[in-house]
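The values are calculated or read from the model by the stated rules, or taken from the named source; none is laboratory data. All of these numbers come straight from a predicted model, not from anything done at the bench. All Cβ positions, even for glycine, are placed from backbone atoms using ideal geometry, and neighbour counts span all protein chains on display. These accessible areas exclude ligands, DNA and RNA; they are computed on the full protein's heavy atoms, side chains included. Shrake-Rupley method; radii C 1.70, N 1.55, O 1.52, S 1.80 Å.
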Amino acid sequence: MLLQRSIICLFACWLFFAANHGYSRQYHYDSGCDCYVPDQSTPDTGTNTTPKNPKPNPFILKGTGADSATTRRDISEPVEVVHKQPDGLYETRRFRYSTPKNFKNRTHQSLNLWFVFHGGGGNALTMHKFFDEVPHAAPTLIVYPEAMEVNEDNILDLSGNSDTKWRMARLPGSASDPNAYRDIAFIEWMRSKLLKHNSQLNAAHVYATGFSSGAGMTWMLLCYRSALFQGFAIYSQQLGSERRSGGCGDGQLLHANDNRTGYEKLTNTPPDQYGHRVSGAPNTPAQNAATKAVFYAHGTADKNLVRTGNSGCWQRGECDISEDPLFSMDPGGSLEARDDISTVNWLIARHQLASRPNSSVFLPDSNLNDEEKVIQRSYYAEQEGRITRHQGAPISWLERVGAEHNVPSVERGGDYDQSVYTQRFFEIHADMLQ
């Protein structure tokens, strides 16, 4: 009996101690709060303190490659983070990055931040092989986020039957679907974390670039979150009627009962109004919302973009290469098969620029063995002989006559380096630090 009482007493003391003292659990980094939190799946082992050597914050970046000015850019290993969507959904995401020379010792706000989005079925490495030509000495951190495997309805597909591609307004009606905006929410969050934990980065010098599906992602950022970026570069992707009419630039849908896009439904925040006429105070004229410098490049022989068949093939569940998955912005019109021109016309109108380019030149032909010719047309407003943004930010349209669906590079047999020309455009027209 005495032994039983002793055991009960000891157990009661243990319960009292447990109720009045914290216990140390294993900790993990929670990117939602940007802090370390106890892992509730592990047992308590002692006092409630954070670990002596916690895992490093994944957004505190380290230098990639040697600090020689002549060294080509290297790329980091994959960085895995857990993102909590605005509606509470958790997603595991990955990205890689490439730092400039002496990244660790760069001064406060001395670097650009450049997001580069890969095409469908690609990843960070497929884009870095083109952007490693950006000089190692250039004061720019390049970040390569990676898309997830999703179907045409922007739903995650773990069956292995879908490619990695960026979620966006892709089909008629999808602009009202919150799922089409989850990648925008991820990039917004990622941008804020990188700026917070790397003081070298300048929040006023953030840029977005993408190829194919990644260019569609860039269009989505331009349409709905342009305020977060200083310039955009869009490769091998046209705007398409489903994005243009899906609230691009004014953030509203033509629905009688609910004109909100899926972005507002997901985030409870109105999107940006890119170049849209916005009413000011009473009795004042409408003003244009801010535009940003845009670099737009594509090939005229790109079968992914040129419309030669019937639109609406998505209703059959698949599209032939000759059909129009992007939905022409000029159905039945003279530009039905030239959505590249329709896209440029839309940009010009939003930027309030003249339809005639200020300059139109052939770029030097670096590969005489192909039939590709690159025409660069520049659109901008002038005031007293100087380029001004009073009406709208400049636009550069690179039409690659005879080119197909690819990212060109001189080192890989192309006529010009798309990444280098983009960098120059951003430096001249979008304040990129040099």
- Item | Within region 73-92, considering residues that are more than 22 Å from Ile155 (Cβ to Cβ) and not hydroxyl-bearing (Ser, Thr, Tyr), the one most open to solvent (accessible area, probe 1.4 Å) | Glu77
- Message: Condition check: charged (D, E, K, R), buried (at least 19 other Cβ atoms within 10 Å of the Cβ) and either touching a helix residue (DSSP H, G or I) at 6+ places or on another chain (Cβ under 6 Å) or at pLDDT 95 or above (or both). Does Asp324 satisfy that?
- Response: no
- Message: Can you confirm whether Ala215 is of a type in the set (Gly, Ala, Ser), open to solvent by 30 Å² or more (accessible area, probe 1.4 Å) and modelled with pLDDT of 90 or more?
- Response: no
- Message: I'd like the full set of residues that are basic (Lys, Arg) and modelled with pLDDT of 85 or more, limited to region 288-321.
- Response: Lys292
- Task: Please go through region 235-294 and pick out each residue that is surrounded by fewer than 20 Cβ atoms within 10 Å (Cβ to Cβ) and of a type in the set (A, V, I, L, M).
- Result: Leu253, Leu254, Ala256, Val278, Ala281, Ala286, Ala289, Ala290
- Matching residues, region 332-356, being open to solvent by 40 Å² or more (accessible area, probe 1.4 Å) and either over 21 Å from Gly240 (Cβ atoms) or among the charged types (D, E, K, R) (or both): Glu336, Arg338, Arg350, Gln352, Ala354, Arg356
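For every residue, the table says whether it meets (1) small (Gly, Ala, Ser); (2) modelled with pLDDT of 90 or more; (3) open to solvent by 40 Å² or more (accessible area, probe 1.4 Å); (4) under 25 Å from the mean Cα position of the chain (by Cα).
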| residue | (1), (2), (3), (4) |
| --- | --- |
| Lys373 | no, yes, yes, no |
| Ala403 | yes, yes, no, yes |
| Asp417 | no, yes, no, yes |
| Phe425 | no, yes, no, yes |
- Task: Those residues that are within 22 Å of Gly231 (Cβ to Cβ) and either assigned to a loop (DSSP other than H, G, I, E, B) or basic (Lys, Arg) (or both), I need them from region 274-304; list them, please.
- Result: Tyr274, Gly275, His276, Ala289, Ala290, Thr291, Lys292
- Could we say that Leu194 is more than 21 Å from Val150 (Cα to Cα) and either free of Cβ contacts under 8 Å to residues at least 24 places away in the same chain or open to solvent by 10 Å² or more (accessible area, probe 1.4 Å) (or both) here? no
- Residue ID - least open to solvent (accessible area, probe 1.4 Å), chosen from residues in region 150-186 that are under 17 Å from Gly210 (Cα atoms) and among the hydroxyl-bearing types (Ser, Thr, Tyr): Tyr181
- Per the list (1) part of a loop (DSSP other than H, G, I, E, B); (2) buried (at least 17 other Cβ atoms within 10 Å of the Cβ), residue check on Asp431 breaks on (2)
- Checklist (1) open to solvent by less than 60 Å² (accessible area, probe 1.4 Å); (2) among the hydrophobic types (A, V, I, L, M, F, W, C); (3) over 25 Å from the mean Cα position of the chain (by Cα) applied to Ile387, failing item: (1)
- Of the residues in region 93-146, those that are of a type in the set (A, V, I, L, M), open to solvent by 30 Å² or more (accessible area, probe 1.4 Å) and either within 29 Å of Arg167 (Cβ to Cβ) or in contact with a Phe, Trp or Tyr (Cβ under 8 Å, 6 or more places away or on another chain) (or both) number 1
- Index of the failed condition, Ile60 passing every other in (1) under 30 Å from Asn179 (Cα atoms); (2) in contact with a strand residue (DSSP E or B) (Cβ under 6 Å, 6 or more places away or on another chain); (3) in a loop (DSSP other than H, G, I, E, B): (2)
- Hits in region 282-296 (condition: among the hydrophobic types (A, V, I, L, M, F, W, C) and within 17 Å of Thr209 (Cβ to Cβ)): Ala293, Val294, Phe295
